[in-house]
Structure formats: C-alpha cells, structure tokens
Amino acid sequence: MSTKIIRTLVKKEMLDVFRDKKTVLMMLVIPIILYPLIFIGVMQLMTFISSSMEKQNYKIVVEAEDEGRFLHKLEEFCQDGEETAEGGAQTDIVETAEGASKTADGAAAGETAEEEEQTYEITIVDAGSITDYETALNEEEIDAYVSGKVKDGKVQYEVYYLSSANNSSYAAGLIMDVFDALKEDLSRQMIAEEGLDVEAVFEPIVYERQDIASSEQSVGSIMGSILPFMLVISLLMGTMYPAIDTTAGERERGTLETILTLPVTNRQLIVSKFITVAVIGMVSALLNILSMGAIALYMYKMMDMQTDMGSFDLAKFIPAILVCILTVFAFSLFISAVSMCVTSFARSYKEANNYITPLMLVVMFVGYIGFIPNIELTQTMAMVPVANICLLIKNMLLFKVDYAAIAMVLLSNVAYAVLAIMFLSRIYDSEAILFSDGKAGLQLFEKRSNLKKGGVPTVSDVWFLVAVTILLILYAGSMLQIRYGLAGVFGTQLILLAVPLFLVIYTKRDVKKTYGFARTGAVNYLGSVVLIAGAVLVNLVIAIGLAFVFPESAGNVETVFGDIMSGNVLAVLLVVAVAPAVCEEMLFRGVILHSLQARYRVPSAIAVTAILFGLYHMSVIKFIPTGLLGLLLCIVAWKTGSIYPAMLMHFVNNAISVIISCYPEQIEKVLPVLYKNTLSVSEALCMCGAGLVLMGIGWAILTKAGKAEKAVS
C-alpha cells in the first residue's frame, strides 16, 4: 500500500473536514470553553439554590394536643440557633396581629458555629385561619401542617407536606429536626426521672470515623465516576462530525464518484478517511483531558481553601494519565471506525445525523456504568466496548493497576476497530450501498398506496423490526411471563410472530418468499434431524464448560428454565418446543435471513442472523450455544431453500431439552452423562466426537439431497 498516496488522501480529507466549522467548534470550543463554563455554572447554580432555600419564609401550621410542647420546642430550637451562631445567623420571635402567628429567623436545626451560616424565616400560621390544609398545601398558601392527637397515652404527630414543592419539602425536613430534638429532650427527662445517668445511657460508647484515604484517592474517586463518561461522550462527539463529513457529506457534495475514479484503491481511500477521523478524535480527546484536568485541579483548590483537605501530589496521577491517554487513543480508533460504518449508509448530512443518534444513545447508556458502584473490571467486562474503557479509567484513578486488564482493554478496542474497518471496506466495495437510490430505506412509514407488491422487506425495515421486537419482549414479554408463567411465554412467542407478520403484510411483501415457505424433499428432513442430534451433543459440552466459567449466569438460567418446565409436559412441549420452532424461525430464518440475504452476501447474512439469534436469548451462558444453533439453522434454511427443515430442527432441539428436564429419572438411567455438572476430558471428547460424526452424516445427507434435486430440475 503506497504511503505517499495515503498521505495525499489524508491531507485532502483534513482540508475538507476543517472547512466545516462544526468540526472546529467540537474540537476547540466545547472542551476549552464550554466544559469549564458548564462546571463553574453548575457549581454557582447549586450554591444559589442552596442559599435561596435557606433564606425562604416557611409557613407552618401547628395544631397539636400537646399543651404547646412542640411549638415551644420550635421557639426554643430557634433561640438555641441564635446562641450557637456567635454573630452569624440570628433568631427573632415576632408576634403577629393574629396572636398565634410568629416569625422566627434562625439557623437550621442542629447547626453549630462551625457549620455554614444560614438564615431562614419560619412563620407559624394560626390553624383557625386554614379551613382545609390539603387545599392550602396544594395552593402553597402554607408549606407544612403539623397535627398531634393523644393516642394510647402518647401524642401521635403527623406532618403533612407537598413533596412536589421545594419549600414544602424543605420545611418538612426542618420540622423533623425539631421532632428529633424534642424526642431527645423527653428521653433525657424520663431517664433522669428514673435516677439514671443520662449521659451514660445516651453515650454508652464513643466512636468516630477515620478516613485513611489520601487526598489523591478522594479526588480519584470523584473523578473516576465523572471523567470516563465525559471522555467517552466527548470522543464520540469529536469523531461524529468528521465521520459524517468524510462519508455522507462527500456523497451529498457529489465528490465521491470523482474520488472513486482516481487511481487509488478502495482500501487506500478507507484508510485515509479512517486516519483523518481517528486523528481528529484523538486531538479532541487530548483537549478534553487537559480541560477536565484543569477543572479537576480548580475544584480541588476550591475545596482545599474551604475545608483544608491537605497536600495533593499530582505526580501520583501520572500513570493514570498515561493509561488514560492510551485507552483514549484505542477507543478513538474503535469509535471512529464504528461512526464511519454507521454514517456510510446515509445519503445526506441530515440523514447521517439521524443514523448516528441511536449510536450516541447506546454509548451514553453503556457509559453510565462508571457511576454504578461495585462493578469490577473482570475479564468479561474487559471485552465489552465502552464499558471496558470507563471501568479501566475508573480503576486507574483509584490506583488499582491490573496490567492484564489494561492489555485486554487496549487489544479488544483495537481488534474491534479492525473488524469495523473490514466491514467498512465491504461497504465501499458495494455499489448498492454507496450509490443507493433510497429504495432500500425504511418502507414501513411510507404511504401504503405508494408501495409496490412483491420482494422481501428492506434491511432498514428489518433493523427497525428487530428494535421494536426487542423492546416488546423486554417490556410486554417480561410482564406476561411474570404474571402468567407458561402462558406468558406462549404470549411472548406470539409477539415474535405477529410483529413481523404485520410488517410483511403492511409493506406488501411476498409472504412466501419472505418466510421461505417452499416444499422440500423428505431426505432433507432426515438430514436435518441427524444434524441437530449431533449439534445437541456438541452444544451440551459447550454449555457445561460455560456453566463452569459463568456459574451465576448458569444458576439464573436453571431457575427460569425450572419454573417453565414445572407444568404439564404436553403444555411445556407446545410452549417450549412447538411455538419457538414456528414463531422464532419465521422471524429469524424467515424475515431477517431472507431480507439480509437479498442485500448482502450469503455468509454475511447468515452470520448476522445467527448473532442476532444468540443475542435474543439475553444470556451470557446461552449466547454461544444458541448462536451456533442459529448458524446451523440458517445454513440449513439456505441450503434447502425452505424454512420447514429449520423448524423441525428447532423443535427437535427444544423437545430434547424438555424431555431431559421432565423425565430426569428415566433418562438418567440410560444416559447419565446428560445430567453431569462437570465432564472429564474423555467424556467431553467422546460427546464432541459423537456429535461431530452425526453432524457430518447429516450434512452429507443434505448435500446429497441437494445434488439430487438439482439433477432432477
């Protein structure tokens, strides 16, 4: 590959990108100007809100059968605040014209001289002036209503407030502080009357917390939650506009065709575009790191001046900073490639912005993992994009150094970037994608009279279908299964059947072609059964191995599966074997496979469908076995040209699981190896060997049947 050509192309792409003022704004204005303004503005806003809450006038109604005990304590409480304030906040008790209304300016309940000064007013409103306390609270005429009635020799108080009103919530908090003080006074009085030592009873032990965390660890803990999320988002924002400009923007300007006529290969073109976007992303990320570092230092200095936090050694963060820079570079490669893959499907700048919005939401959602406590950077999490970056940066800022995790995170992001670039090269090799006329777009929202009959759903319709189906399964399906059990599982399968069928009918697609409803020879069914029998043995070995690696996930699957299998055997067979064989196959091996197959190469369509099938089962331990099963089902559906053998295979696979679960004693006598939690090496090899032999026989039958059908035709 000529480096001179790539340098020339990179220079050209850089010039094109920097002509767009949005890129310059995203790179310079946001990290250098906007972030500091946001942080300082938020701090000032919080200070203003806190100050304003402390200076409000809180109107409280007291109507209690306690001989004025609570009201007296409230007055005394405020007077105590005046005595302890030492020249700070002051307290005044003012009689109003109504006689029962009093105003108290005072320090917050329980606040001492060492705490921040605060001034607020409490107006005790005459209960006789309020006809309906609920109406008064809703109309914010009063902020709290305190009632007290004698019950079983005790005064039972109730505090009514409006949680949706800030003043009312704050007033309720102040009242609870007064009750705490009143309760302590009464308790001390009762203990003293019994002749006991009050202090000995109230303070039987003396304790205090000693935080051994250094200043660096405290700052790292704060930044470890905020910084990773901000970096991930800023990286995405930094690469988003260059990715759009180098792909959809070039297509919209009409210069893509000109570039493709130049004496450069598609690979050189892709590499140059990728380098451009990645470099801009890295520069943007470095500026963000510097900006956020300056903000963190500023916040620390402010806190140090107010609380005397102690010494702070910036040099201790150098390893974390270096690792952050490396991870940012690695993530920049990944997110640049992914952004370009997404925007390459768009025909205009506006359309590209619409396409990249879901990617932004996914990245933001996963990036929140840094705010969740007790999530560790395990080997599994180190392979999860976005999450691994956030957790690694968080660990480094907490001075938790794991070189294996660092290497795994860096390598995984680079590997994902390479895969994305390979996919991107396939896009640029496809004229159907680069020069699409828009007919392959989302047809579901088109006017039905404008749609032509025939064909299969578009890829855009399929992705929309997958998103809607997943949401329905997560919400409606989960509720159905929790409430109705086995019947709810059947309802979930009906969702898988109904949603795609509605799409196919509404968009006037060819039902027979979309679902693969075609006759096939009996030999194909025989080959499919033999093939799935071998796959069951191989998958069983894989499942046992995964259960050993992920015991918690295996336990969750067993719990859910056990609840489903506890019903009537025929009902379980209907729901677990028959329904998925029809509904899931019509979705995955029907709509999804044939739609992708019409647009992409067969191997790509099969691989994507198999991955989606594995992800649909939403379990770490089930992803690989179901993914392999989905791969076989896709291959059989493609090879036979019919969905029916795949349905039979799916039924046999699930029916075997039902029989093993429902008749454990009978089956264990014949095949005890099926019920073992662990397998010896010899047992695993024997099962895999037997499975592979059966799969080979089944494949040979299918191949021979296919040749016979071609000879006849």
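The values are calculated or read from the model by the stated rules, or taken from the named source; none is laboratory data. Every value quoted in this text rests on a predicted model; they were computed, and no experiment measured them. Positions of Cβ are generated from backbone atoms using ideal geometry, with glycine treated the same way; all protein chains shown enter the neighbour counts. Remember, those area values only see protein heavy atoms, side chains included, never the ligands or the DNA or RNA. Shrake-Rupley method; radii C 1.70, N 1.55, O 1.52, S 1.80 Å.
Take the Cβ atoms of Glu709 and Ser348, set R0 to 60 Å, and the FRET efficiency comes out at 0.85. Once the chain from Ile325 to Ile697 is taken as fully extended at 0.36 nm per residue, the excess over their C-alpha distance is 128.6 nm. When the Cα positions of Ile495, Ala415, Ile389 are compared along the charge dipole of segment 353-501, Ile495 comes out farthest toward the positive end, with charges on each C-beta of Lys, Arg, Asp and Glu. Taking a ≥ b ≥ c as the square roots of the eigenvalues of the Cα gyration tensor, segment 114-211 is oblate, since a/c reaches 1.5 or more and a/b is not larger than b/c. Each peptide in 692-703, 225-236 was scored by the mean count of other Cβ atoms within 10 Å over its residues; highest first, the order is 225-236, 692-703. Distance from the Cα centroid of segment 564-640 to that of segment 151-176 is 57 Å (rounded to whole angstrom).
Entry note, segment 116-181: relative contact order of 22 percent, from Cα contacts under 8 Å with a spacing of 6+ residues.
By the gyration tensor of its Cα atoms, with a ≥ b ≥ c the square roots of the eigenvalues, what is the shape of segment 474-545: rounded for a/c under 1.5, prolate for a/b over b/c, or oblate? Because a/c hits 1.5 or more and a/b fails to exceed b/c, segment 474-545 counts as oblate.
Remark: the Asp152-Tyr484 segment gains 114.9 nm on full extension, using 0.36 nm per residue and subtracting the alpha carbon distance. In this simple spin-label approximation, Leu471 and Asp197 carry label points 7 Å from Cα along the Cα→Cβ vector, and these lie 6.7 nm apart. In this structure the amide hydrogen of Val62, modeled in the peptide plane, comes within under 5 Å of the amide hydrogens of Val125, Ala127, Val146, none closer than 5 places in sequence on its chain. Solvent exposure of segment 523-579, expressed per residue, is 48 Å² of accessible area, with all protein chains present and a 1.4 angstrom probe. Based on protein heavy atoms only, segment 181-242 ends up with 61 Å² per residue of surface accessible to a 1.4 Å probe. Estimated at 0.36 nm per residue, the fully extended path between Val549 and Glu208 surpasses their Cα-Cα distance by 118.5 nm.
Taking a point 7 Å from the Cα of Leu671 along the Cα-to-Cβ direction, the residues of segment 529-566 with backbone N closer than 12 Å to it are 532-541.
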